[in-house]
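The values are calculated or read from the model by the stated rules, or taken from the named source; none is laboratory data. Remember, predicted model here, so these are calculated numbers, not experimental data. When we count neighbours, we look across all protein chains shown, and the Cβ atoms used for this are built from the backbone with ideal geometry, even at glycine.
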Amino acid sequence: MKSRGFATSLFRALLAYFAFCGAVAFCAFCAAQTRAAQPKAPDTMAARVKACAICHGQQGEGTHNDYFPRLAGKPAGYLAEQIRNFREGRRNYPPMNDLVAYLSDDYLDEIAVYYSKLRPPRAPFAPFESSVSASATPSRLARGRMLAQKGDAEKGIPACIACHHQTLAGMQPSIPGLLGLSADYIRAQLGAWRSGARRAASPDCMQAISARLSDEDISATAYWLSMQPYNPDLAPAPAGSVQLPLQCGSAPH
């Protein structure tokens, strides 16, 4: 009787074991079939920067949110430097700081080159444009135009075009274009430089210039720049096209 009971128990144990193995094999087969049926995500830069597109647009054109700027068409050197500034804390915006915290220099350079080659049209800023129309008085626009095109020698403020080129499309490899941006974004960045919230490599020329701008100067410049026509096919000028009026660590001579 004992032998028969032992054999029965052994048989049941083996039966349970084989049933378990069969279930595991069946689950593995189903999982493999599911994986095979799922399309493989494309390994392209466009697919890799989907997280960027949420804020900056599918082609880096910017969005309706005035504080998420255009990336497309800006010099690759400038874009790469800004991403590094977020990674290393010289620019502070927690979603960006977290997103790029562990990205390598090589990967940052790839992202920058990708966006620098895109040429989408300007994103619409309908809410922004209506508010600018109400605030951009003729006197403000005249002051903004003067600062952008001639500067203010008495205050030691060089013209925007002295660094960002006559076309305001920027200059290779690291000076950005100033067109196709909202007034609120431009105003926020000038204010951040003036307060030290945004920093660049020393000597920080933009901090030095912004410190000489009054609140009214910042608003006037932002309004005038934001209202200028934007041509997405206008590329940054070649390196050395203009002689910079002051030393700038992020754009060495």
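Out of the residues in segment 210-221 that are closer than 19 Å to ARG199 by Cα and among the aliphatic types (A, V, I, L, M), state the one that is surrounded by the most Cβ atoms within 10 Å (Cβ to Cβ).
ILE218
Taking the conditions exactly as written (assigned to a helix (DSSP H, G or I), in contact with a Pro (Cβ under 9 Å, 6 or more places away or on another chain), modelled with pLDDT of 95 or more and not aliphatic (A, V, I, L, M)), does GLN189 satisfy them or not?
It is true that GLN189 is assigned to a helix (DSSP H, G or I), in contact with a Pro (Cβ under 9 Å, 6 or more places away or on another chain), modelled with pLDDT of 95 or more and not aliphatic (A, V, I, L, M).
Against the conditions (1) of a type outside the set (S, T, N, Q); (2) surrounded by 14 or more Cβ atoms within 10 Å (Cβ to Cβ); (3) not in a helix (DSSP H, G or I), where does GLY89 fall short? Just the number, please.
Result: GLY89 fails condition (2) only.
What do you reckon, is THR221 of a type in the set (Val, Ile, Thr), in a loop (DSSP other than H, G, I, E, B) and modelled with pLDDT of 95 or more?
Criteria not met by THR221.
Say whether the condition of being farther than 28 Å from PRO252 by Cα, among the hydroxyl-bearing types (Ser, Thr, Tyr) and in contact (Cβ under 8 Å) with a residue 60 or more places away in the chain is met by at least one residue in segment 132-141.
Among the residues of segment 132-141, at least one is farther than 28 Å from PRO252 by Cα, among the hydroxyl-bearing types (Ser, Thr, Tyr) and in contact (Cβ under 8 Å) with a residue 60 or more places away in the chain, which makes the answer yes.
Name the single residue that is surrounded by the fewest Cβ atoms within 10 Å (Cβ to Cβ) among those in segment 147-169 being more than 29 Å from the chain's Cα centre (by Cα) and in a helix (DSSP H, G or I).
Here the answer is GLU154.
Looking at segment 194-209, which of the residues that are surrounded by fewer than 19 Cβ atoms within 10 Å (Cβ to Cβ) and of a type in the set (Gly, Ala, Ser) is farthest from the chain's Cα centre (by Cα)?
The extreme case among them is ALA208.
Taking segment 169-207 as the search range and keeping residues that are free of Cβ contacts under 8 Å to residues at least 12 places away in the same chain and among the polar types (S, T, N, Q), which one is farthest from ARG122 (Cα to Cα)?
So, considering only residues that are free of Cβ contacts under 8 Å to residues at least 12 places away in the same chain and among the polar types (S, T, N, Q), the one farthest from ARG122 (Cα to Cα) is SER195.
Do we find that GLY62 is modelled with pLDDT under 95, small (Gly, Ala, Ser), over 23 Å from GLN172 (Cβ atoms) and in a loop (DSSP other than H, G, I, E, B) in this structure?
Taking the combined requirement at face value, the residue does not satisfy it.
Would you check which residues across segment 70-93 are in contact (Cβ under 8 Å) with a residue 40 or more places away in the chain and more than 17 Å from VAL113 (Cα to Cα) and list them?
ARG90, ARG91, ASN92, listed by residue number.
Say we look at segment 224-236 and pick out the residues that are touching a helix residue (DSSP H, G or I) at 6+ places or on another chain (Cβ under 9 Å) and outside any helix (DSSP H, G or I); which of these is surrounded by the most Cβ atoms within 10 Å (Cβ to Cβ)? Explain how you work it out, then say what you get.
Filtering segment 224-236 for residues touching a helix residue (DSSP H, G or I) at 6+ places or on another chain (Cβ under 9 Å) gives 224-228, 236.
Right, trim to outside any helix (DSSP H, G or I) and you get 227-228, 236.
Numbers: MET227: 16, GLN228: 15, PRO236: 25.
The qualifying residue surrounded by the most Cβ atoms within 10 Å (Cβ to Cβ) is PRO236.
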